[in-house]
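J.: Just passing along the structure, written as structure tokens.
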Amino acid sequence: MASQYDVIVVGSGPGGYVAAIRASQLGMKTAVIERESLGGICLNWGCIPTKALLKSAQVFEYIKHAKDYGITVQGESEADFGAVIKRSRGVADSMSKGVQFLMKKNKIDVISGNGKVKPGKKVEVTGADGKATEYEAKHIIIATGGRARQLPAAPIDGEKVIEYRKAMTLEKRPDSMVIIGSGAIGVEFAYVYASMGTKVTIIEFMPNIVPVEDEDISKELAKNYKKMGVQLFTNSEVTKVDTSGKGCVVTAKTPDGEKTFEADIVLSAAGVVANIENIGLEETGIATDRGKIVTDDYYRTSTEGYYAIGDCTKGQALAHVASAEAIICVEKIAGLPHVEPLNYNNIPGCTYCTPEIASVGYTEKAARDAGYELKVGKFPFTASGKAKAAGAPEGFVKVIFDAKYGEFLGAHFIGANVTEMIAEVVAARKLETTGEEILKAVHPHPTMSEAIKDATEAAYGEAIHL
């Protein structure tokens, strides 16, 4: 007889482990299946260890500019690349152990191995020894996440052409690196390596770097990266990567014609694809579309009793999206009243380069294209007392309101620690707060966050500090 559960979750990333915990909290006997380490890509190879690398890079930048703060550092500072990598791995390991603790605390069974869904609400798990064991559940949640996208022109070999996992564990800092793609992964690693002395070139297919962001944000980050010495090529397509020599030779079509770039390492950062192969979808009749599992607003797949959340579904490939989907999915399974579908237009996006980027809602272009008449306000951090005192005057806050009703349509930040500020706008939009109400909300001074109010004043023609 197969082991019986109320809920089995396949995958233990920020979608999977959150789903398992919420199911257990709601009184369901729960198991989670994981083939690698608890916490998935986010805790082990993504969100958490990259932030540790970025912090080390930022501290190194502080030391190099200590004189700007009136502090003298004797001798020449140097980044111990091996120690930086070791610290990052240590942070990731501690967080993964934290998830282990949460599994025990919530009495969740952890099953190690490769999970494959089967008809009849069953999951087959193949362990490291090759032995297959079958489990049954009333509800099966697929949370298998995603992986780095492979480009035909730049096949990943793990040595010279690498993806983000290898970029976090290189034994030696390369002297030069070409990064293909300028989304969050690309620009974050560009900052880490460039700050430590690597000559970095970014090649981006779209017209702007960080192409999903508001155009003003893209331009501001490009200005800062060029100042750092990062070479940027937009509207450019990599057509070939030659790894036959000592390093790599990258060929790309650019607006100025074909160019070649030499580098020790090529980092492929051209997005992620869902992990949906060889997990039993065809056998169970679960529908897919464009490489993603098809679900309804409560993450039910086309086959009754099977659900899917996180990067393997249609939503944004973000950890906090996966966690939000997990809770909605499980609460709907449990029959809780008033479970609301997720509003994907109110999902904050954060990029942790320096300066940081945070945004939510419509870009200015998208809002105009949607037919809104707008009130747009910007407040530069050069006019912020807190930002100037912190030695971080780069960037700005940009807010977008509907001119007719005052609806908070979107916000776009670039600057120091702005990822800690965006939640105010997310909450305001969730509560249907208007621009007039933001004007009347007292913000503390001096803080970076008061720039939200200052930008709103600018949008309404009431700017005090500009």
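The values are calculated or read from the model by the stated rules, or taken from the named source; none is laboratory data. It should be emphasised that the depicted structure is a prediction, and the values quoted were computed from it without experimental measurement. With ideal geometry, Cβ positions are generated from the backbone for all residues, glycine too; neighbour counts draw on all protein chains shown. Heads up: the accessible areas ignore ligands, DNA and RNA and are worked out on the full protein's heavy atoms, side chains in. Shrake-Rupley method; radii C 1.70, N 1.55, O 1.52, S 1.80 Å.
J.: With all protein chains present, how much of the accessible area of segment 265-377 (probe radius 1.4 Å) comes from carbon and sulfur, to the nearest whole percent? Let's see the in-between values first.
T.: Details: 2440 of 5000 Å².
Reported share for carbon and sulfur atoms: 49 percent.
J.: Candidates [x] 37, 30, 22; [y] 41, 25, 22; [z] 46, 35, 17; which is the computed semi-axes √(5λ) of the Cα gyration tensor in Å?
T.: Of the labelled values, this structure produces [x].
J.: Any idea how far the Cα center of segment 88-112 sits from the one of segment 171-206, in Å?
T.: 31 Å
J.: Next up: With a 4.7 Å Cβ cut-off, tell me which Cys residues in the chain come up empty for a partner.
T.: By the Cβ distance rule, which asks for a partner under 4.7 Å, the isolated cysteines are Cys248, Cys312, Cys329, Cys350, Cys353.
J.: I've got another one for you. Can you give me the accessible area per residue for the chain, using a 1.4 Å probe, in Å²? Don't skip to the answer; put the middle values down first.
T.: Working: 21950 Å² over 466 residues.
Value for the chain: 47 Å² per residue.
J.: Of the accessible area of segment 402-466, with the probe set at 1.4 angstrom, what percent is carbon plus sulfur?
T.: Values: 1770 of 3190 Å².
Taking all protein chains in place, segment 402-466 shows 56 percent carbon and sulfur surface.
J.: Which FRET efficiency, nearest 0.05, do Glu258 and Glu171 yield, Cβ-Cβ r, R0 30 Å? Display every interim value, and only then the final one.
T.: Numbers: r = 33 Å, r/R0 = 1.11.
Calculated transfer efficiency: 0.35.
J.: Which net charge results for the neighbourhood of Ala153, defined as the other residues with beta-carbon distances under 11 angstrom from its beta-carbon, given Lys and Arg at +1 and Asp and Glu at -1? All intermediate terms of the calculation are to be shown ahead of the outcome.
T.: Numbers: positive: Lys240, Lys253; negative: Glu237, Asp242.
Residues near Ala153 contribute 0 overall.
J.: Here's something else I'd like to know. Could you order the peptides 120-127, 411-418, 203-210 from most to least packed, using the average number of other C-beta atoms within 10 Å per residue?
T.: Values: 120-127: 17.4, 411-418: 25.9, 203-210: 20.5.
Ranked from most to least packed, the peptides come out as 411-418, 203-210, 120-127.
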